[in-house]
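Shown next, in structure tokens, is the structure this report addresses.
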């Protein structure tokens, strides 16, 4: 039995660690940025001009990188009630289908759509209002996180192809008897 | 129905039933519908809608509240709140069930997460309840249902999500509007626990470690008296409402301090977090996002410097965990922003609204059918995706019926709270059964009275708008109905 909530390949484990580390660092940075904004407004009485925009845009990075890490642990919400009623062999087939949909979505929208988004905004020379950072760099998080999601789902798809999955490894979700 | 609408609905439902992550179900159906409409580059549009939908400063409050809640949760807050609640309730039959409910309300308010409340408070109190003669399933049922009150009592992340999708609803108004309904649910659960408390539980002759006697009645009486006096004073024009607010805060402190002085002192720093956040937002000093960042700083100072239960070395782990939790919420928000953009393009909310208003001329019937539908959705869908998906569809109907968006939001959240505790899929139920080491099948029976209590509270909140709207009106956060 393979637990789908733990990446097993060396590559996926490393990728998950990197995504986690980056998302955690962004989280800490966001706290400091917003607190600095509060500090400048209340104590220095001159609101900082860059904090709000950078915090807003870093949120995209937090979402895409943290979202990819969460994908490695299969933390994303879904309705698995019906699939669990199926025969184990059918469950494998459904799991495989779902992962293929995930890969198709992440590859087409996040990776391909994201690359187009980056390329378009870079080509038009669009920059952010306050910091004047190219918008293309901001959107770079989308294909990066998307690539991570493709990778993690690929591993799960191969696992589902090879053998039965163990969905009930965690004790927080006991099976209804 | 247009073919693209059909594709949107069918592909979404199919993926949902297959158990795909809801983010993917939303994204794929939006993508397919766009492609069917031959709207030029579909992949690019969805990617753009998703990322711009996330980059919003008000939403930034969500990861901060998650982080502050995680820090407080690990920092020994649950233990202090349990002691505080026990001191107020004292030794009385069924007392631990009250303690559990009150602690869950306070903990949920501070941490903003119902599952964190179940696992922290339940982890401490369920073994204690079992030791005192409550059955395991009963203890799990009380804690699980009580934990959902934290989503209604401010500050609450789900309200920030609702404010975003509802568009132009003030987070401050929602926060204030949730206070009374949250207390109503808590009281309803306490009444249900009193009525169904197993007689063998908490034999008063047994050795109990709380203080003897029960200050609960005195506390409740004193607070009620205080409330009536202040209400009359404001009503007759003797006091302005801001003076009354300060007086009621001072009165609350005095009454609680007399009942449980030492425990109040220990729990007060945790409770102060809520006061700082709400006070700052209501006075207009901070935006909710700034308040949430201050909450993180406050939680750090308190747990590292004062309680000394968190070490700086724990922080990277807490940051990573909160980032992951928030990213799950944000991807959902992004995907549903893409989805609702497509839906609006095809006038789906308008069509649903017309259909629902065509059901009956009686607003009560329409409101009831919305609630029944949401209850059904809640049994198998988690709260955040349900709010994200159904707010754009049902809010226009509610507004057409004359409901205030603030009232509708609170009602919807209360409704979906019930779904968090119901099988087949209930996040709180799963966590509760996990920490209580029991099975869902065993919890369902003792859970029934608590479901009824929550349903009664929901009915009151849905059909008596004043319960929700009175406080935000009184504080001038929403315009009075014309």
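Laboratory data are not the source of any read-out in this text; all were calculated from the coordinates shown. Computed from a predicted structure; not experimentally measured. Cβ placement follows ideal geometry from the backbone for every residue including glycine, while neighbour counts extend to all protein chains displayed.
Worth a mention:
- On Cα atoms only, tilt of A:51-72 relative to the major axis of chain A in degrees: 10
- Between residue B:6 and residue B:344, residue separation times 0.36 nm minus the direct Cα-Cα distance comes to 120.2 nm.
- Counting only alpha carbon atoms, the long axis of helix B:383-400 and the longest principal axis of chain B meet at about 70°.
- Each part reduced to its alpha carbon centroid, segment A:30-109 and segment B:327-370 end up 24 Å apart.
- In chain B, the longest principal axis of the Cα atoms and the axis of helix B:216-235 are about 60 degrees apart.
- Cut-off 17 Å, label 7 Å out along Cα→Cβ of residue B:187, residues of segment B:445-482 by amide N: B:453-472
- Here the label points at residue B:52 and residue A:161, each 7 Å from Cα along the C-beta direction, are separated by 3.8 nm in the simple model.
- The calculated FRET efficiency for the pair residue B:233 and residue A:45, based on their C-beta separation and a Förster distance of 35 Å, comes to about 0.40.
- Overall form of segment A:10-162 per C-alpha gyration tensor (a/c, 1.5; a/b vs b/c): prolate
- Cut-off 16 Å (backbone N to label point 7 Å along Cα→Cβ of residue B:135), residues of segment B:437-473: B:437-451
- The calculated 222 nm mean residue ellipticity attributable to helices in chain B amounts to -25000 deg cm²/dmol, summing -39500 (n - 2.57) over DSSP H runs of n ≥ 4 and dividing by all residues.
- Within chain A, helix-based [θ] at 222 nm, where runs of 4 or more DSSP H residues each add -39,500 (n - 2.57), nearest 500: -21500 deg cm²/dmol
- The label point for residue A:100 and the one for residue B:317, both projected 7 Å from the Cα toward the Cβ, are 4.1 nm apart.
- Annotation: for a label point projected 7 angstrom from Cα along Cα→Cβ of residue A:93, residues of segment B:7-35 with backbone N closer than 19 Å are B:14-20.
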